[in-house]
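Below is one structure; the comments refer to it alone.
The values are calculated or read from the model by the stated rules, or taken from the named source; none is laboratory data. The shown structure was predicted, so the numbers you read here are calculated from the model rather than taken from an experiment. Methodologically, a virtual Cβ is constructed for each residue, glycine included, from the backbone with ideal geometry; neighbour enumeration extends over all protein chains shown. These area figures cover heavy atoms from the full protein model, side chains too; ligands, DNA and RNA do not enter into them. Shrake-Rupley method; radii C 1.70, N 1.55, O 1.52, S 1.80 Å.
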Amino acid sequence: MTKMEKIEPNHVAIIMDGNGRWAQQRGKPRLFGHHAGVKRVREIVECCPDYGVKYLTIFAFSTENWKRTQAEVAGLMRLFRRYIEREARALLEDGVRVRFIGDRIKLDEKLVALMDNLELLTAGNDKVHLTIALNYGGRDEVTRAAKRLAYEVEQGRLSHNDVDAETLSGFLDTHVLPDPDLVIRTSGEARISNFLLWQSAYAEYEFTPILWPDFCADDFGEIVSSYGSRERRFGAVIA
Ligand code: IPE
Ligand code: IPE
Ligand code: MG
């Protein structure tokens, strides 16, 4: 690769944070911020091809977010249902393939049915691969994977001697996805909050103070473009 060649991240993951503070700054309830946040999603998904981003993974609801008030959780779940109902057609027409990661067991049936349908509906698309992390936690995902792996060993279908990193990766929710190259978190918090722990082992991180409902395509483009000047070493020494 020559020095002049532009390097674009194939897979960008985003921790969409700051909806509550955005609403608070306007004297509005937290759900007002979540509504504004959802509106940003389409803009970011649509601009991915402009920056060579093939995979976009967004953190919508964590396994820890159940600790919020019942009203906020219910409001968010309603918002997710409405997002799928309203955006399905546009996603299909825009060539977006949608997948969901996270544990569906705690989600309500209606929402899970909508998620399943959207995955099926868009299964033939290949322009942008959008993965939505819903009731997702990195530790929970690895734990569920380990449990299924242990079951395979117990059933005699797998030997413990054959278990390596690739085997475990194959049991994760993300088994069909490449690892993220770049993880962005909005709202100024510099932590990963249980997001893609295994998969981000060698990801570059970018923390921006912009609150998610203000995060626009230009902000995304700026961060993605600056990724090109980073030198990723993967533990090796680059001459
Ligand atoms: C992120 O915004 C959205 C979810 C976690 C669902 P927050 O709701 O965490 O917003 P802040 O961090 O309180 O501002
Ligand atoms: C992470 O944000 C989860 C999502 C963006 C869905 P949080 O706001 O829940 O994370 P903490 O509580 O600040 O670590
Ligand atoms: Mg937050």
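Taking the alpha-carbon distance from Lys110 and a cut-off under 16 Å, which aspartates and glutamates remain once sequence neighbours fewer than 8 residues away in the same chain are dropped?
Glu85, Glu119
With only Lys, Arg, Asp and Glu charged, each at its Cβ (+1 for the first two, -1 for the last two), find how big the charge dipole of the chain is about the Cα centre; round to the nearest 20 debye.
Details: 33 positive and 36 negative charges, 173 e Å.
For the chain, the charge dipole is close to 840 debye.
Residue by residue, what Karplus-based ³J(HN,Hα) values in Hz, rounded to whole numbers, does the stretch 118-128 have, using 6.51, -1.76 and 1.60 with θ = phi - 60° and x for Gly and Pro?
Whole-Hz 3J(HN,Hα) from phi for the stretch 118-128: 5, 4, 5, 4, 9, 4, x, 7, 8, 6, 10.
For the pairs Lys28/Lys147; Lys28/Lys127; Lys67/Lys127; Lys39/Lys67; Lys39/Lys127, note any where the Cα-Cα span goes beyond 32 Å. All intermediate terms of the calculation are to be shown ahead of the outcome.
Details: Lys28/Lys147 43 Å; Lys28/Lys127 37 Å; Lys67/Lys127 36 Å; Lys39/Lys67 24 Å; Lys39/Lys127 21 Å.
Over 32 Å apart, Cα to Cα: Lys28/Lys147; Lys28/Lys127; Lys67/Lys127.
Which three semi-axes in whole Å describe the equivalent ellipsoid of the stretch 46-180, each the square root of 5 times a Cα gyration tensor eigenvalue, listed largest first?
On the way: eigenvalues 154, 87, 35 Å².
Equivalent-ellipsoid dimensions as semi-axes: 28, 21, 13 Å.
Can you pull a Stokes-Einstein diffusion coefficient for the stretch 1-84 at 25 °C (0.890 mPa s), Rh from Kirkwood over Cα pairs, as a whole number of µm²/s? Before the final figure, lay out each step's value.
On the way: Rh = 14.7 Å.
The diffusion coefficient I find is 167 µm²/s.
Hey, any idea what % of the stretch 116-210's accessible area is carbon plus sulfur with a 1.4 Å probe?
Of the solvent-accessible surface of the stretch 116-210, carbon and sulfur hold 51 percent.
Rank Val38, Pro9, Val142 by how far each Cα sits towards the positive end of the charge dipole of the chain (+1 on Lys, Arg Cβ; -1 on Asp, Glu Cβ) and give me just the farthest.
Val38
Would you work out which of Thr208, Leu111, Ile223 lies farthest towards the positive end of the dipole of the chain? Charges go on Cβ: Lys and Arg +1, Asp and Glu -1.
Of the listed residues, the answer is Leu111.
Show that you can apply the helix-only estimate: for the chain, add -39,500 (n - 2.57) for every DSSP H stretch of four or more residues, divide by all residues, and state [θ] at 222 nm to the nearest 500.
Numbers: 7 runs with 97 residues, N = 239.
When only DSSP H runs of four or more count, the value is -13000 deg cm²/dmol.
What dipole magnitude, in Debye to the nearest 20, does the stretch 1-92 give about its Cα centre under +1 on Lys/Arg Cβ and -1 on Asp/Glu Cβ?
With Lys and Arg at +1 and Asp and Glu at -1, about 440 debye.
Order 213-219, 149-155 from most to least packed using the mean count of other Cβ atoms within 10 Å.
Numbers: 213-219: 17.1, 149-155: 12.6.
Peptide ranking by packing, descending: 213-219, 149-155.
Skip the ligands, DNA and RNA, and give the accessible area per residue of the stretch 32-104 with a 1.4 Å probe, whole Å². Please report the intermediate quantities before stating the final value.
On the way: 3400 Å² over 73 residues.
Accessible area per residue, the stretch 32-104: 47 Å².
Would the stretch 102-239 count as rounded, prolate or oblate if I go by the C-alpha gyration tensor, calling it rounded below 1.5 in a/c and otherwise prolate when a/b exceeds b/c, oblate otherwise? If you can, show how the numbers build up before the last one.
Working: a/c = 1.99, a/b = 1.27, b/c = 1.57.
Oblate shape, in that a/c is at least 1.5 and b/c is the bigger or equal ratio.
For the chain, take every pair of Cα atoms, bin their distances at 10 Å starting from 0, and report each bin as a whole percent.
Answer for the chain: a P(r) of 7, 29, 36, 20, 7, 1 percent.
Roughly how many Å² is the accessible area per residue of the stretch 119-239, as a whole number, for a 1.4 Å probe? Display every interim value, and only then the final one.
Working: 6440 Å² over 121 residues.
Per-residue value: 53 Å².
Using a Förster radius of 35 Å, what is the FRET efficiency between Ile238 and Ile210 based on their Cβ-Cβ separation? Nearest 0.05, please.
Between Ile238 and Ile210 the formula returns 0.65.
Could you grab the relative contact order for the chain? Cα pairs under 8 Å, six or more apart, rounded to a whole percent. Can you show the working numbers first?
Details: 357 pairs, mean separation 69.9, N = 239.
RCO, the chain: 29 percent.
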